[in-house]
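Structure first, then comments.
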2 protein chains.
Amino acid sequence: MTQERSKLWYLKNLDIFRYLGDEEYKLLDRYSNMREIKKGEMIYFQGSSDSNFYILKKGAVKITKLTPRGNEIILDILSVGTIFGEMTVLEPRERDESAIVIEDGLICIMNRDEFNRFSKMVPGLSGKMTSMIELKRWNRENKILDLLYCTVEQRLAKAFINLLDDFGIPHDNGHLLQIRLTHKDYADLIASTRETVTATLNKFKADGLIDFENKYIMIKSLDKIRGMAE
Amino acid sequence: MTQERSKLWYLKNLDIFRYLGDEEYKLLDRYSNMREIKKGEMIYFQGSSDSNFYILKKGAVKITKLTPRGNEIILDILSVGTIFGEMTVLEPRERDESAIVIEDGLICIMNRDEFNRFSKMVPGLSGKMTSMIELKRWNRENKILDLLYCTVEQRLAKAFINLLDDFGIPHDNGHLLQIRLTHKDYADLIASTRETVTATLNKFKADGLIDFENKYIMIKSLDKIRGMAE
DNA sequence: GATATAATGTAGGCTTGCTTACATACATCG
DNA sequence: CGATGTATGTAAGCAAGCCTACATTATATC
């Protein structure tokens with residue numbers, strides 16, 4: 001029962017569902033399922049025909065894409081409350097990206113049929129969904145474009161700024177990044193290599209921009225990081 | 001009158017408008033305007049609040065984006081029949097890209113109000129529009145991702161393959177690229193520099209992959225170009 | 001607690017392709 | 001038809017960062 005309540009709580013806090021009435025929340029609740037997710041698990045993967053859509057309720061998930069040449073790029077790191085996998089709900093097609101759990105948590109699942117049934121009862125929902133997809137694609141396009149013309153230092157600084165939005169916690173001595181990514185993850189996030197990321201992170205530390213506090217990164221000077229990202 | 005007929009002809013050949021009846025074509029015709037475009041002219045530019053949508057009827061247009069650092073990237077080279085500028089029709093916002101004419105021609109213009117009036121009379125049109133926007137964004141995302149992990153040679157080869165779709169004309173000795181881009185244009189298309197493009201094009205020529213036939217590029221071996229792009 | 005696996009640290013060599021600089025060819029317009 | 005702007009050709013120097021290789025340190029699993 002407390003789990004049920006928490007599920008509703010999470011759903012209510014999503015912009016896209018904000019205008020729903022109590023009756024509709026009960027419907028949404030009825031049509032969706034909840035599941036635990038474990039670090040390393042793939043929720044869906046590139047090439048599959050999975051057409052569910054998901055809401056991340058607890059934990060963290062990365063959205064990755066494997067290029068033909070074998071490079072893995074991380075398109076997004078999702079934080080709690082994020083809807084994902086929605087691209088195939090309105091228009092079914094093969095997944096062109098994978099969703100991989102990077103921190104244990106919980107997801108809420110709704111399959112396409114359930115969504116369509118639900119959608120019919122809530123006029124305007126699919127329109128909002130479309131706008132959300134548009135916005136996400138636009139964000140993603142700009143993020144990738146940034147990678148084209150910046151040095152590794154600048155890209156890493158930008159990555160920090162992006163991550164702070166979702167995982168940053170203000171602190172006396174800066175902002176704590178409340179998520180643990182490996183150097184390989186950072187590399188995939190900025191289209192660089194593990195070794196270069198290690199070196200750059202250590203340079204940032206030496207320069208007093210960041211600090212390592214028991215496996216989390218502390219952004220000591222957000223201003224300097226911002227300046228670095230231009 | 002012949003011009004009017006030609007306008008209708010072009011509109012009828014667009015997928016998105018294919019299912020319209022004669023009555024609706026007359027409406028579309030009434031609500032839209034035609035204009036000549038000259039090489040170098042900007043149809044709309046980044047940052048403006050222009051919310052028309054356009055159809056290219058003759059000539060060629062490039063869609064470019066200027067990064068904060070001053071790099072110009074060409075996101076797309078449009079060929080005849082292409083709808084463009086439609087991103088702001090459904091959801092008005094600032095242009096985040098510019099449309100620049102690279103070959104004299106003609107465009108068909110419809111402003112947002114006119115489109116909305118028209119759209120109300122043709123159920124399903126805005127849905128098709130949405131799908132088209134989705135598809136374009138997806139294409140664009142993949143194109144940019146390709147730029148991240150490939151060498152200049154590979155990127156240039158890929159650019160040729162893309163351009164052939166829209167501007168390629170089969171020939172005895174290969175495929176003629178029926179569009180004239182400057183080396184700077186190619187550079188902006190693949191996120192490289194003018195000098196490097198010049199050198200790479202000449203290398204391609206020396207290797208027998210392409211040829212320069214009175215200012216147009218002839219792809220002599222599409223297979224080799226394909227192999228190069230992997 | 002022992003072992004295996006994953007993550008991080010460090011460094012040298014090497015390559016791509018960007019920069020800078022200048023020369024030549026071509027086009028456009030009065 | 002000359003003049004000016006635009007496009008192309010060429011080359012040397014240089015730097016970012018990738019690749020390879022290996023050492024060390026965490027973390028997970030039993």
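The values are calculated or read from the model by the stated rules, or taken from the named source; none is laboratory data. As the structure is a prediction and not an experimental result, all values here were calculated from the model. Ideal geometry is used to build each Cβ from the backbone, glycine not excepted, and the neighbour counts take in all protein chains shown.
Select from region A:187-216 the residues that are away from DNA strand D (no atom under 13 Å from the Cβ), of a type in the set (A, V, I, L, M, F, W, C) and touching a residue at least 12 places away in the same chain (Cβ under 8 Å) and list them in ascending order.
Result: A:Leu209, A:Ile210.
Run down B:Asn142, B:Asn214, B:Asn162 and say which single residue is under 20 Å from B:Glu72 (Cβ atoms) and at pLDDT below 95.
Residue meeting the stated conditions: B:Asn162.
Take the conditions without any contact (Cβ under 8 Å) to a residue 60 or more places away in the chain, buried (at least 19 other Cβ atoms within 10 Å of the Cβ), assigned to a helix (DSSP H, G or I) and under 18 Å from the mean Cα position of the chain (by Cα) and apply them to A:Leu156. Does it pass?
Yes; evaluated as a whole, the condition is true for this residue.
Out of everything in region B:99-143 that is buried (at least 16 other Cβ atoms within 10 Å of the Cβ) and among the hydroxyl-bearing types (Ser, Thr, Tyr), what residue ends up being nearest to the other protein chains (Cβ to nearest Cβ)?
B:Thr130
Do we find a residue being surrounded by 14 or more Cβ atoms within 10 Å (Cβ to Cβ) and within 14 Å of chain A (Cβ to nearest Cβ) anywhere in region B:176-187?
yes
Being over 24 Å from B:Arg69 (Cα atoms) and either assigned to a helix (DSSP H, G or I) or within 11 Å of DNA strand D (Cβ to nearest atom) (or both) is the requirement here; does A:Lys184 meet it?
Here the answer is yes, as A:Lys184 does meet what is asked.
When the residues of region B:144-153 are narrowed to those that are within 11 Å of another protein chain (Cβ to nearest Cβ) and in a helix (DSSP H, G or I), which ends up farthest from the chain's Cα centre (by Cα)?
B:Tyr149
Which of the residues that make up region A:44-78 are touching a Phe, Trp or Tyr at 6+ places or on another chain (Cβ under 6 Å), of a type in the set (Ser, Thr, Tyr) and more than 13 Å from chain B (Cβ to nearest Cβ)?
A:Tyr54
Taking the options B:Glu36, B:Glu23, B:Glu94, name whichever one is surrounded by fewer than 16 Cβ atoms within 10 Å (Cβ to Cβ) and in a strand (DSSP E or B).
B:Glu36
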